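What follows is a set of notes on a single structure, which appears directly below.
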Amino acid sequence: MKLKEKDFTVNQMGRVTIIPEESDDLWILYNIINPGDYVTADTSRKVHHQLNDGKNTTASRVRLSVRLKVTCRDFDKDSSTLRIQGRNLEPNSYVAVGSFHTLTLECNKPFELHKKVWKHDVIEDLQERENHKVCPAKLAVTLFQQDHAEIYLIGKGVTAMVSKVETSSSRIGGRKPSSSSPSSNTKNVFFREVFAAFIKHVDLNKVKNTVIASED
């Protein structure tokens, strides 16, 4: 974990910019960030635009920075992401002040944490993670199951699942009968999502070996 622009003191108001580097960092942050804290991070928002014909619309995603007063948080160990939900405090063109929004905190993406009171044990936990040396992964493993794929990074004594990609049928809670097989289009979408997750989580400049395996 990297800490930048540190401006906090025990039992005082303060802030810090945090860059999580491992899934364990996100788990620590899940236990550190509390309702009432303030989190600022970049996010994206789906925006609909009306076409010139006045009838049809098109959608695009825009990047923006949002500052939330935290109401709740959730850690997803499968995807190694930390979701922060809260009310937006600063006006912008796409998120109204006071409206709820969800920020997704991920490894290697900076965000700012502001607390009204920094407790001693919280500062200790952050400093301990800052001094923790990241064990570089040597091997990436993609394991295909019947209805999902899992991506692992393996280092010296450390194995971490960094992503889990589900098929469209499993995401909606159903499973196709064993006698039927997914269409080629469905398979292509699934494989593209797995590839995108692999590129997102695996730094090929550092990880030189990969394994792709299936239960079939």
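For the chain, what is the calculated [θ] at 222 nm in deg cm²/dmol (nearest 500), taking -39500 (n - 2.57) for each run of four or more DSSP H residues and dividing by its residue count? Please list the in-between numbers first.
Numbers: 4 runs with 44 residues, N = 216.
Theoretical 222 nm ellipticity from helices: -6000 deg cm²/dmol.
Take the chain, connect every pair of alpha-carbon atoms lying under 10 Å apart with a spring to form a Gaussian network, then pick out the residue of Ala197, Ala59, Ala96 with the largest mean-square fluctuation.
Of Ala197, Ala59, Ala96, the Gaussian network model singles out Ala59 as fluctuating most.
Could you tell me the center-to-center distance, by alpha carbons, between segment 1-71 and segment 85-152 in angstrom?
Each part's Cα centre sits 8 Å from the other's.
Quick one: of Lys4/Lys116; Lys4/Lys138; Lys6/Lys116; Lys119/Lys206; Lys4/Lys200; Lys138/Lys164, which pairs are farther than 25 Å apart, Cα to Cα?
Details: Lys4/Lys116 18 Å; Lys4/Lys138 28 Å; Lys6/Lys116 14 Å; Lys119/Lys206 37 Å; Lys4/Lys200 23 Å; Lys138/Lys164 20 Å.
Those over the limit are Lys4/Lys138; Lys119/Lys206.
Where is the GNM fluctuation largest for the chain (alpha-carbon springs, 10 angstrom cutoff): Val70, Val162, Val117?
Val117
Roughly what % antiparallel, to the nearest 5, for the DSSP beta bridges in the chain?
On the way: 53 of 60 bridges.
Among the beta bridges of the chain, antiparallel pairing accounts for roughly 90 percent.
Restricting to Cα pairs below 8 Å that are 6+ residues apart, what does the relative contact order work out to for the chain? Please round to a whole percent.
So the answer I get is 20 percent.
Values in this text are rule-based calculations from the coordinates and carry no lab data. Because the structure is predicted, anything quoted here is derived from the model rather than measured.
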